[in-house]
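To keep things clear, I will list the structure first and then write my remarks on it.
The values are calculated or read from the model by the stated rules, or taken from the named source; none is laboratory data. Keep in mind it's a predicted model, so treat the numbers as computed, not measured. Because the Cβ atoms are built from the backbone with ideal geometry, glycine has one as well, and the counts that use them run over all protein chains shown. To get the accessible areas, we keep the full protein, side chains included, count just its heavy atoms, and leave off ligands, DNA and RNA. Shrake-Rupley method; radii C 1.70, N 1.55, O 1.52, S 1.80 Å.
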Amino acid sequence: MIEAFREYIEQQELCQKQERILVAVSGGVDSVVMLHLLYHAGYRLVVAHCNFQLRAEESDGDERFVRKLTEQYGIPIFVKRCDTRVYAEKEKISIEMAARRLRYNWFTELLEAHQFQKLAVGHNKDDDAETFFIKLLRGSGLDGLKGILPKRENIIRPLLFASREEILTYAKEHQLSFREDSSNASD
């Protein structure tokens with residue numbers, strides 16, 4: 001998978017070795033594998049982890065896990081704790097939308113304040129297909145039916161070439177620990 005990863009980054013012109021990359025790591029399998037691949041491919045990395053405080057001890061466990069992971073790699077980390085429910089109520093938006101806004105607003109702040117060139121997020125091929133069908137069901141026109149782009153401005157998605165199954169297989173083969181988000185089991 002490491003070769004396919006390197007080829008995908010090169011083909012899509014996602015990033016260069018000399019660039020500083022902010023890596024969004026939730027602790028889930030996608031972000032853990034992405035971090036592992038970027039690290040072993042020799043990129044200059046810093047991790048960002050958002051604790052949305054939505055799942056009590058489970059959220060705090062995710063934060064501890066990601067902190068420990070970055071210690072193992074010797075990579076700096078930024079952590080932000082957000083009161084997502086309060087923000088969602090104030091803005092009159094869903095919890096999911098609130099988490100997304102809080103996350104990307106913070107990532108933008110970090111990119112600007114620390115002059116990172118790219119933000120890497122762990123979307124995979126399955127996420128891309130899901131996005132396409134959601135847009136189709138919402139009645140998007142032809143222009144709106146694009147899936148997730150590999151690169152949009154300074155946001156890169158280096159795992160879009162891989163399926164969830166391939167990512168899980170890679171994690172197992174490399175004995176990578178990761179966290180399962182219990183909220184993923186619900187709609």
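I want to check the label-to-label distance for residue 105 and residue 79. Put each point 7 Å from Cα in the C-beta direction and report it in nm to one decimal.
It is 2.2 nm.
For the charge dipole of segment 1-137, defined by +1 on Lys and Arg C-beta atoms and -1 on Asp and Glu C-beta atoms about the Cα centroid, which residue among 119, 107, 4 has the Cα displaced farthest towards the positive pole?
Ranked along the dipole, the leading option is 107.
If you place +1 on the Cβ of every Lys and Arg and -1 on the Cβ of every Asp and Glu, how big does the dipole about the Cα centre of segment 17-106 come out, in debye to the nearest 20?
Here segment 17-106 has a charge dipole of around 320 debye.
With the other protein chains left in place, how much accessible area per residue, in square angstrom, belongs to segment 1-75 at a 1.4 angstrom probe?
That works out to 45 Å² for each residue.
Between segment 74-90 and segment 21-62, how many Å separate their Cα centres?
13 Å
Just going by the charge dipole of the chain, with Lys and Arg at +1 and Asp and Glu at -1 on Cβ, which of 61, 171, 77 is farthest out on the positive end?
77
Where does the chain land at 222 nm, in deg cm²/dmol rounded to the nearest 500, when only DSSP H runs of n ≥ 4 count, each adding -39500 (n - 2.57), divided by all residues?
About -15500 deg cm²/dmol.
Quick one: which residues, 5+ away or cross-chain, put their amide H under 5 Å from the amide H of residue 120? H built at 1.01 Å from N.
Amide H neighbours of residue 120, under 5 Å, 5+ apart: 22, 23, 24, 156.
What shape does segment 1-68 have by the C-alpha gyration tensor, where a ≥ b ≥ c are the square roots of the eigenvalues, rounded means a/c under 1.5, and otherwise prolate means a/b greater than b/c and oblate the rest?
Since a/c reaches 1.5 and a/b is larger than b/c, the shape of segment 1-68 is classed as prolate.
Given that just one value was derived from the coordinates, which of [x] 0.95; [y] 1.40; [z] 1.03 is Rg/Rh (Cα atoms, Kirkwood Rh)?
[x]
How large is the dipole of the chain about the Cα centre if only Lys and Arg carry +1 and Asp and Glu carry -1, each at its Cβ, rounded to the nearest 20 debye?
Charge dipole, the chain, about its Cα centre: 460 debye, nearest 20.
Using θ = phi - 60° and the Karplus form 6.51 cos²θ - 1.76 cosθ + 1.60, what ³J(HN,Hα) does each residue of segment 47-60 get, whole Hz, x for Gly and Pro?
Result, rounded to whole Hz: 9, 10, 10, 9, 9, 7, 6, 9, 10, 6, 4, 4, 5, 5.
Please list, ordered by chain and number, the residues whose modelled amide H lies under 5 Å from the amide H of residue 51; skip anything fewer than 5 residues away on the same chain.
Correct list: 80, 81, 82.
For residue 77, what charge total do you get from the other residues with a beta carbon under 12 Å from its beta carbon, if Lys and Arg give +1 and Asp and Glu give -1?
+2
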